[in-house]
Every structure is written in structure tokens, then in C-alpha cells.
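The values are calculated or read from the model by the stated rules, or taken from the named source; none is laboratory data. Not measured: the values here are computed from a predicted model. A quick note on method: Cβ atoms are made from the backbone with ideal geometry, for glycine too, and the neighbour counts reach across all protein chains shown. Each accessible area value is taken on the protein alone, full model and side chains, heavy atoms only, with ligands, DNA and RNA left out. Shrake-Rupley method; radii C 1.70, N 1.55, O 1.52, S 1.80 Å.
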Amino acid sequence: MNDPKFDIQRLHSVDEHAVRGLTDVLLDCVAGGAAVGFMSSLTRDRAESFWRRASAEVVAGRRALLVARDSTGICGTVQLVLDVP
């Protein structure tokens with residue numbers, strides 16, 4: 001069995017390349033039926049908009065964002081919202 005190789009990194013800012021990769025992961029998860037808060041009608045524009053809003057929270061320190069990267073790019077992500085009432 002092949003051992004998958006990937007790196008995990010915490011992002012402190014999110015550039016457009018990362019937005020595209022995060023959007024691809026989100027769309028793939030939703031299409032696969034994952035319960036991640038979005039319906040199957042999620043569009044690329046809406047997913048990109050979500051990641052741009054989330055990236056502002058990352059920069060402001062209100063959200064921690066970790067990504068897993070393999071040889072093709074971002075292949076997974078997890079977030080922790082730090083600024084909650």
C-alpha cells in the first residue's frame with residue numbers, strides 16, 4: 001500500500017491561488033455529499049466568496065486555517081473559529 005505524502009501548514013493569509021485550491025476542495029466535498037454547511041447547489045462563485053470572507057478572518061486572527069497539501073496542491077483543510085461569543 002502506498003503511503004500518501006502531504007504537508008500540513010497553518011495559513012496566516014490566503015492568496016488567490018489558495019482561494020482556488022480551497023474552493024476546489026469545498027466543491028469536491030459538497031459534491032461527494034459531505035455535511036459541511038453547504039447544499040449541493042453550491043456554485044464556484046459562492047464558494048470563492050466564502051473563502052475570501054474566511055480569509056479576512058484568518059488575517060484578523062479570528063480564524064485558524066490549516067491546509068493539507070500534496071503534490072497537486074491543497075487536498076484538505078480544517079478551520080477553527082477563534083472569535084466566538
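Take Leu27 and tell me if it is within 12 Å of Gly76 (Cα to Cα) and either among the hydrophobic types (A, V, I, L, M, F, W, C) or free of Cβ contacts under 8 Å to residues at least 24 places away in the same chain (or both). Criteria met by Leu27. For the range 58-67, residues that are crowded, with 17+ Cβ neighbours inside 10 Å and either in contact with a His (Cβ under 8 Å, 6 or more places away or on another chain) or over 15 Å from Val25 (Cβ atoms) (or both) total 2. Tallying residues that are within 21 Å of Leu82 (Cβ to Cβ) and hydrophobic (A, V, I, L, M, F, W, C) within the range 26-58 yields 7.
For the range 1-52, which residues satisfy the criterion of being within 14 Å of the chain's Cα centre (by Cα) and of a type in the set (Gly, Ala, Ser)?
Of all residues in the range 1-52, those within 14 Å of the chain's Cα centre (by Cα) come to 8-30, 34, 36-38, 44, 46-52.
Matches in the range 1-52: Ser13, Ala18, Gly21, Ala34, Gly37, Ala47, Ser49.
Could you say which residue among Asp7, Asp28, Asp70 is touching a Pro at 6+ places or on another chain (Cβ under 9 Å) and open to solvent by 40 Å² or more (accessible area, probe 1.4 Å)?
Values: Asp7 fails: touching a Pro at 6+ places or on another chain (Cβ under 9 Å); Asp28 fails: touching a Pro at 6+ places or on another chain (Cβ under 9 Å).
Just one listed residue meets the conditions, Asp70.
Have a look at Ser55, Ser40 and point out the one that is surrounded by fewer than 16 Cβ atoms within 10 Å (Cβ to Cβ) and either part of a loop (DSSP other than H, G, I, E, B) or free of Cβ contacts under 8 Å to residues at least 60 places away in the same chain (or both). Checking each option against the conditions leaves just Ser40.
Which condition breaks for Ala34 when tested against (1) within 26 Å of Lys5 (Cα to Cα); (2) in contact (Cβ under 8 Å) with a residue 40 or more places away in the chain; (3) open to solvent by less than 60 Å² (accessible area, probe 1.4 Å); (4) among the hydrophobic types (A, V, I, L, M, F, W, C)? The failed condition is (2). As a summary of the residue check, His12 satisfies the conditions (1) surrounded by 10 or more Cβ atoms within 10 Å (Cβ to Cβ); (2) within 15 Å of Thr72 (Cβ to Cβ) except for the one numbered (2).
Picking from Ala64, Ala60, Ala47, which residue would you name as being touching a strand residue (DSSP E or B) at 6+ places or on another chain (Cβ under 6 Å) and either at pLDDT below 95 or small (Gly, Ala, Ser) (or both)? Give the derivation first.
Numbers: Ala60 fails: touching a strand residue (DSSP E or B) at 6+ places or on another chain (Cβ under 6 Å); Ala47 fails: touching a strand residue (DSSP E or B) at 6+ places or on another chain (Cβ under 6 Å).
The unique qualifying residue is Ala64.
State whether one or more residues within the range 10-29 are modelled with pLDDT of 95 or more and part of a strand (DSSP E or B). The answer is yes, given that some residue of the range 10-29 is modelled with pLDDT of 95 or more and part of a strand (DSSP E or B).
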